[in-house]
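The next block holds one structure in the form of structure tokens; read it before the comments.
Every number in this text was worked out from the coordinates using simple rules, so none of it is lab data. The shown structure was predicted, so the numbers you read here are calculated from the model rather than taken from an experiment. Because the Cβ atoms are built from the backbone with ideal geometry, glycine has one as well, and the counts that use them run over all protein chains shown.
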Amino acid sequence: MSLPRTPSLRLDGKRALVTGASSGIGQACAVALAEAGAHVVCAARGRDRLDWTVAEMQEEGWSAEALALDIGDLDAMSVALDGQRFDIVVNSAGLARHTPALETTPEDYDAVMGVNLRAAYFLSVAAAKGMAGIGGSIIHVSSQMGHVGGIDRAVYCASKHGLEGMIKAMAIEWGPQRIRINSICPTFIRTPLGEQTLANPERRKWIEEKIKLGRVGEVEDVMGAVLYLASGASALVTGTSLLIDGGWTAD
């Protein structure tokens, strides 16, 4: 007889892709994986911030490289990922265009759906093809808004609710291949993008009242979650979402 041992959160020898890695949550996810020992391919559209991020990670002694990529361009994504295999794929690329539903334009609808759902779908497919027969972990940075509604967020909520359903279906299909697919669903996080909403005193008050723990999230609040879902510690976890919402959806 022997006592059980806690599964390791280390990712040594693993190869990871993180989209939206040049700032905010995506950057934090890239750091978390690299710090745990993975080689991280950091992908984003903007080259300057991306190169700075990778240089800083390498300065820390972590293994990282840059990949300039707009995942909304499916042809470019197909070329960039052709023949590549990753053990871990974290999709943190996202787009928000918040307006009242009555003011939503077809252009805004298509733009949000194109990144948040269409690109996420085909990135998952590309990742799964490389993981087939070997296994791996696909993680989408979704949102608490994939589980509830929000003011001026009809299109954004639709994209994230769709993402959550997509993940459940793919988990069923790919489970026999030992491919796990899950989402992380943060509340409002203090990032350059999130500051646009937090700068509005009325919205800030509404947000803080909804978060039961009484504070806005920081990117560090997401890092442990992505590491858990990327590692063997979550070996039996697939088709679900990890809510990092301070109790927002507890109502």
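At-a-glance table
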| item | result |
| --- | --- |
| Pairwise centroid distance, computed over Cα atoms, of region 196-236 with region 1-69, Å | 19 Å |
| Charge context of Ser124, other residues only, Cβ under 14 angstrom, K/R +1, D/E -1 | +2 |
| Burial ordering of Leu236, Leu227, fewest other beta-carbon atoms within 10 Å first | Leu236, Leu227 |
| Two-site label geometry, Asp251 and Lys212: point separation in nm, points 7 Å out along Cα→Cβ | 1.3 nm |
| Positive minus negative residues near Ser137 (Lys, Arg vs Asp, Glu; Cβ under 11 Å) | +2 |
| Unit charges at the beta carbon, dipole of region 60-102: most positive-side option, Ala101, Ala80, Trp62 | Ala101 |
| Cα→Cβ-extended label distance, 7 Å offset, between Ala235 and Leu9, nm | 1.8 nm |
| Scattering profile of region 105-251 at q = 0.12, 0.13 Å⁻¹ [log10 I(q)/I(0), Debye over alpha-carbon scatterers] | -0.53, -0.62 |
| Net charge of neighbours whose Cβ lies under 14 Å from the Cβ of Glu103, counting Lys and Arg as +1 and Asp and Glu as -1 | -1 |
| Estimated dipole of region 85-212 in Debye, rounded to 20 [Cβ of Lys and Arg +1, of Asp and Glu -1, Cα centre] | 460 debye |
| Estimated translational D of region 76-184 in µm²/s (Stokes, Kirkwood radius over Cα pairs; 20 °C; 1.002 mPa s) | 148 µm²/s |
| Eligible lysines near Lys160 by straight Cα distance, threshold 17 Å, same-chain separation 8 or greater | Lys168 |
| Karplus 3J(HN,Hα) series, Hz, for region 94-107 with 6.51 cos²θ - 1.76 cosθ + 1.60 (x for Gly, Pro) | x, 9, 10, 9, 8, 8, x, 4, 5, 10, 5, 9, x, 5 |
| Förster radius 35 Å - calculated FRET efficiency between Ala101 and Ile172 (Cβ-Cβ, nearest 0.05) | 0.65 |
| Per residue convex hull volume, Cα atoms of the chain, in Å³ | 147 Å³ |
| Förster radius 35 Å - calculated FRET efficiency between Gln196 and Val79, Cβ distance, rounded to 0.05 | 0.60 |
